[in-house]
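Colleague: Pasting a structure below so you can have a look.
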Amino acid sequence: MGIGIVEHPAEPLEEAAASIWKLPIVKALLAIPGVTRRRLAQGLFGAPSPKPTDIMVINLPDLPLDLRKWMTRSELPKGKAIGLNQAGQWQTGYLKEYPPAFCGALADAIRRGIDRNPVVEKPEPSAEDLKRWMAMTMTKYSDHLGTDFAR
């Protein structure tokens, strides 16, 4: 049994607006037993604006409890992330990062989901696999947030 979470901005109310939640493949995935969709506001987890978000949840039935436990606010923040700031950067840039409390909720749910699955002994990874995985490990992060749109 697999587990997983897919996060994307909440589906817009406008009929013609683009959204992954309107794609046939996403709708097909949501029809599979154990796959659900939840709406939340990242503002309840510390984001400075409401940031409505939909998540596809795969075989993590306790996620709503974890989300409730990790909330840092009971009311949505009033902040807005529209346009450019005084430095000329898009105010939506900081919304690319999840609030730490949201990360904590997701981590708790995923850990519990992993713990529910039996451990099966497997051979040690090959030296080639370890080298490939080490090359993919990110150890340095930039202070710069890139654009959140395509040009």
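Colleague: Between H8 and R39, what is the label-point separation in nm under the 7 Å Cα-to-beta-carbon projection?
Modeller: For R39 paired with H8, the spin-label model returns 1.6 nm.
Colleague: Under 10 Å, Cα contacts only: if you run a Gaussian network model on the chain, which one of G34, G113, G46 comes out with the highest mean-square fluctuation?
Modeller: G34
Colleague: Taking the Cα centre of the chain as origin and charging only Cβ (+1 Lys, Arg; -1 Asp, Glu), how large is the dipole, in debye to the nearest 20?
Modeller: On the way: 20 positive and 17 negative charges, 53 e Å.
Computed about the Cα centre, the dipole is about 260 debye.
Colleague: Could you check which residue among P12, P99, P50 shows the biggest mean-square fluctuation in a GNM of the chain with a 10 Å Cα cutoff?
Modeller: Result for the chain, Cα springs under 10 Å: P12 fluctuates most.
Colleague: Between K69 and E15, what's the calculated FRET efficiency when r is the beta-carbon distance and R0 is 30 Å? Round to 0.05.
Modeller: Working: r = 36 Å, r/R0 = 1.19.
FRET efficiency, K69 to E15: 0.25.
Colleague: Among (1) 1.01; (2) 1.26; (3) 1.06, which is the computed Rg/Rh (Cα atoms, Kirkwood Rh)?
Modeller: Comparing each candidate, only (1) matches the computed number.
Colleague: May I ask you to sort W70, W21 by Cβ crowding, counting other Cβ atoms within 10 Å and putting the fewest first?
Modeller: On the way: W70 21, W21 16.
The order, fewest Cβ neighbours first, is W21, W70.
Colleague: Return the distance in nm (one decimal) between the two label points of a simple spin-label model at K78 and R112, each offset 7 Å from Cα along Cα→Cβ.
Modeller: 3.5 nm
Colleague: Continuing with the same structure: Using only Cα atoms, find the angle between the long axis of helix 127-136 and the longest principal axis of the chain, and express it within 0 to 90 degrees, rounded to the nearest 10.
Modeller: 10 degrees
Colleague: So the label point goes 7 Å from the Cα of L30 along Cα→C-beta, right? Which residues of segment 62-76 then have their backbone N under 17 Å from it?
Modeller: Under cut-off, by backbone N: nothing.
Colleague: Now for a different question. Over the chain, with a Gaussian network built from C-alpha contacts below 10 Å, which listed residue (A41, A16, A107) shows the highest mean-square fluctuation?
Modeller: A16
Colleague: Just check segment 1-75 against the gyration tensor rule for me: Cα atoms, a ≥ b ≥ c as the square roots of the eigenvalues, rounded for a/c under 1.5, and otherwise prolate or oblate depending on whether a/b exceeds b/c.
Modeller: On the way: a/c = 3.00, a/b = 1.16, b/c = 2.58.
In terms of gyration-tensor shape, oblate.
Colleague: Here's another thing I want to ask about it. Could you list, in their original order, any pairs among K22/K51; K51/K122; K27/K51; K69/K122; K22/K131 whose Cα atoms are separated by more than 31 Å? The partial results should precede the final answer.
Modeller: Details: K22/K51 19 Å; K51/K122 41 Å; K27/K51 22 Å; K69/K122 35 Å; K22/K131 39 Å.
Over 31 Å Cα-Cα: K51/K122; K69/K122; K22/K131.
Values in this text are rule-based calculations from the coordinates and carry no lab data. Since this is a predicted model, take the numbers as computed values, not measurements. Cβ sites come from the backbone with ideal geometry, for glycine too, and all protein chains shown count toward neighbours.
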